[in-house]
1. When you go through (1) surrounded by 12 or more Cβ atoms within 10 Å (Cβ to Cβ); (2) modelled with pLDDT of 90 or more one by one for L100, which number turns out not to apply?
2. In the set S63, S11, which member is surrounded by fewer than 16 Cβ atoms within 10 Å (Cβ to Cβ) and within 17 Å of I90 (Cα to Cα)?
3. For segment 15-28, what are the residues that are under 20 Å from the mean Cα position of the chain (by Cα) and of a type outside the set (S, T, N, Q)?
4. Could you give every pair whose Cβ atoms fall below 6 Å, whose first residue belongs to segment 51-67 and is in contact (Cβ under 8 Å) with a residue 12 or more places away in the chain and under 19 Å from Q34 (Cβ atoms), and whose second residue is of a type outside the set (S, T, N, Q) and part of a helix (DSSP H, G or I), counting only separations of at least 6 or pairs across chains?
5. Tell me, yes or no, whether segment 22-40 has at least one residue that is assigned to a helix (DSSP H, G or I), more than 30 Å from L98 (Cβ to Cβ) and among the charged types (D, E, K, R).
6. State yes or no: is I60 modelled with pLDDT of 95 or more and assigned to a helix (DSSP H, G or I)?
Amino acid sequence: MNVEPLEETDSFTYLGSTINKNGGTEEDVKARIQKARVAFIMLRKIWRAKQIKTNTKLRIFNSRVKAVLLYGSETWRSIQKTLTRIQTFINKCLRRILHLKWTDKISNNYTLENDQATTHRK
């Protein structure tokens, strides 16, 4: 029987999540954001399509992109830095879906109904 010694490593991927020797979540969060970014980019034709309602685009975003982003997140430590990184990524995606520039200002009363009413008037 040939027995080879196990190689020691600082991190490895198991079931799509990065396991770190120190138990940190930083590498896993980075990898999840990158995978979600790829999923978001693959759907760019949908985000640009004017025939698809905003509500439908948001449902696609939640089911296809956020699902990839948050897979395994129940094992992450909830620290403010992690939560901020995730929320920043989500905000960037939503701005692209809604065709908003970073400098655009929207009141706190903005709703999807307002967006759809604007779309129908054009």
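1. Condition (2) is where L100 drops out.
2. Just one listed residue meets the conditions, S63.
3. L15, G16, I19, G24, E26, E27, D28
4. Hits for this filter: R64/A39; V65/A36; V65/A39; V65/F40.
5. Within segment 22-40, one or more residues are assigned to a helix (DSSP H, G or I), more than 30 Å from L98 (Cβ to Cβ) and among the charged types (D, E, K, R).
6. In short, yes.
The values are calculated or read from the model by the stated rules, or taken from the named source; none is laboratory data. What you see is a predicted model; the values in this text were computed from it and never measured. Glycine gets a Cβ as well: all are built from the backbone with ideal geometry, and neighbour counts include every protein chain shown.
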